[in-house]
1. Arrange the peptides 132-139, 70-77, 301-308 so that the one whose residues have, on average, the most other Cβ atoms within 10 Å appears first.
2. Provide the solvent-accessible area of ARG337, counting protein heavy atoms only and rolling a 1.4 Å probe, rounded to the nearest 10 Å².
3. How many percent of DSSP beta bridges within the chain run antiparallel, rounded to 5?
4. Given the Cα-Cα distance of ARG158 and LYS53 and 0.36 nm per residue of separation, how much length would full extension add, in nm?
5. With charges set only on the Cβ (+1 for Lys and Arg, -1 for Asp and Glu), what does the dipole of region 31-130 come to about its Cα centre, in debye to the nearest 20?
6. Could you work out how far the C-alpha centroid of region 397-475 sits from that of region 69-120, in angstrom?
7. Rank-order 187-196, 204-213, 338-347 by packing density, defined as the average count of other C-beta atoms within 10 Å over each peptide's residues, highest first.
8. Nearest 5 percent is fine: what portion of the DSSP beta bridges confined to region 1-112 is antiparallel?
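The values are calculated or read from the model by the stated rules, or taken from the named source; none is laboratory data. These figures come from a predicted structure and were not determined experimentally. Every residue, glycine as well, gets a Cβ built from its backbone with ideal geometry; the counts of neighbours run over all protein chains shown. Please note that ligands, DNA and RNA were not included when accessible areas were found on the heavy atoms of the full protein model with its side chains. Shrake-Rupley method; radii C 1.70, N 1.55, O 1.52, S 1.80 Å.
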Amino acid sequence: MTSISVLSVVSEIYPLIKTGGLADVAGSLPAFLKPEGIAITSLVPGYRAVLSKIGDAVPIHVFPDLFGGPARLLRAQVGPLDLLVIDAPHLYDRPGTPYLDPEGENWPDNAIRFAALSAVGAAIGLGEVAAYCPDVVHAHDWQAGLTPAYLHYRGNGRTRAATIMTIHNLAFQGQYPPDLLPVLGLPPEAMAVNGVEYYGGIGYLKAGLQFADRITTVSPKYAEEICTLEGGMGLGSLLRDRIGDLQGILNGIDESVWDPSEDKLIAAKFDRLHIKPRRINKLSLQRRVGLREDTDVLLMGLISRLTWQKGIDILLDALPLILGTGAQVAIIGQGERAMERAVGDAVTAYPGRVGCVIGYDEELGHLLQAGADALLLPSRFEPCGLTQLYALRYGCVPVVARVGGLSDTVIDANEMARAEGIGTGIQFHPPTVEMLESAALRVAALWKKPALWRRIQRNGMRTDVSWRRSARLYAELYRELTGAQRAVEPEALRA
Ligand code: ADP
């Protein structure tokens, strides 16, 4: 089979560094593409957390001056992941998260830090790094958005890799002042509508969408939504113009990391045929988040960034009615300070019935999926969403706003779906307090019918949330872009 090499340019990757779903996707997709003959190498910034985990890395290239300091390109392997790491201490050797300082503020030089990621991605795509020359450069989100633009402006007619820009969340666009243009090393003519210009400034994601050969996003429904005025968030008309190059490919999950029958991060393992041990996880979760320990009470959970997008305010406003059904609510998350405080206030107002952990805790994330009866996702928009996929796999019934990827991945357990034996959760629309309340009433009614509830859980646990199907779609896209032929159906993926 023809092998295609793809450079994935990305600002976070699990298990090295993670702030959200992007890291999960970047970290899990490569293994599923390997059997398809696609070799992914991921280019990531050398944050402290990354450098501390890559062990014996081999320097393969030096950039004498990468935006104000020297940088080395290190080749490393972590588990199944092939990595190229940009070791540039002046840009990445700091405390905090990839994007924020320890006080929670954006690093003031983020425009430069991620331009550097993109510039290195482009240099590799132009064949300037002798040791590695990919067929395709695949840029993820605004942090890698300048990659296709650099390839365009620095290419000067040279042969270059084909490019893909993937939108994981259109709400984050990377918009910076116009006077940065020369600092970024982009020519004056780039400051144009058909260049990197965006509402008078420089748009990183806009640049990627403008210059990439193809555009993908993480669910078919979100691909539709981002072409509308509201969902387009300023980029709708560009996306409509490029609709022929735009494709929605659903995210999958790494079933070896998220497997309730093998999961070492939960209190008791279980599977579709032995769901009972979930009770032990439920008690453990109740203890961890400060809820009254009682397996007979319906426990609804939420794990998320605490932001407007995720509809946390909608949930908080719906709490009186939700708790009125007798249910408990567990919230795990961090984000906007005001929202964190509001969650804390709810815990104070409803002791033992609303519990929370403010912070980022991967282990608790697993326990919540294994112990909560239902997962609440009142998102105002959701490009794909991963937590509902984990919930399906863990028998935690997802209760989701019918937007984006939530709409594509959860089947509402209405009467018709139940008759067909296919309902996997509850959907509501639009994402408002009233609709969440009525969804919560439906959940409470279903919960009172244990046999029915069990069937919905099992339907969910049977759902294919793996990368198998989507990995094929990415592989087809890479092949199409490179003109490669698929010679043999890979054994591992034959259905
Ligand atoms: P987004 O990328 O928009 O934040 P996703 O649903 O795509 O949302 O992915 C979120 C990922 O981050 C999931 O793996 C989820 O379990 C994890 N996550 C979110 N908040 C927390 C938290 N406070 N602690 C642990 N994991 C979290």
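1. On the way: 132-139: 24.2, 70-77: 19.0, 301-308: 21.5.
Ranked by mean Cβ neighbours within 10 Å, highest first: 132-139, 301-308, 70-77.
2. That residue has around 130 Å² of solvent-accessible surface.
3. Values: 19 of 70 bridges.
Restricted to the chain, the bridges split so that about 25 percent are antiparallel.
4. Working: separation 105, 0.36 × 105 = 37.80 nm, distance 3.58 nm.
Gain on extension, ARG158 to LYS53, equals 34.2 nm.
5. Values: 7 positive and 11 negative charges, 51 e Å.
Here the size comes out at about 240 debye.
6. A separation of 38 Å, based on Cα centres.
7. Details: 187-196: 14.6, 204-213: 26.1, 338-347: 16.3.
Descending packing order for the listed peptides: 204-213, 338-347, 187-196.
8. Details: 14 of 25 bridges.
Looking only at bridges with both residues in region 1-112, the antiparallel portion is about 55 percent.
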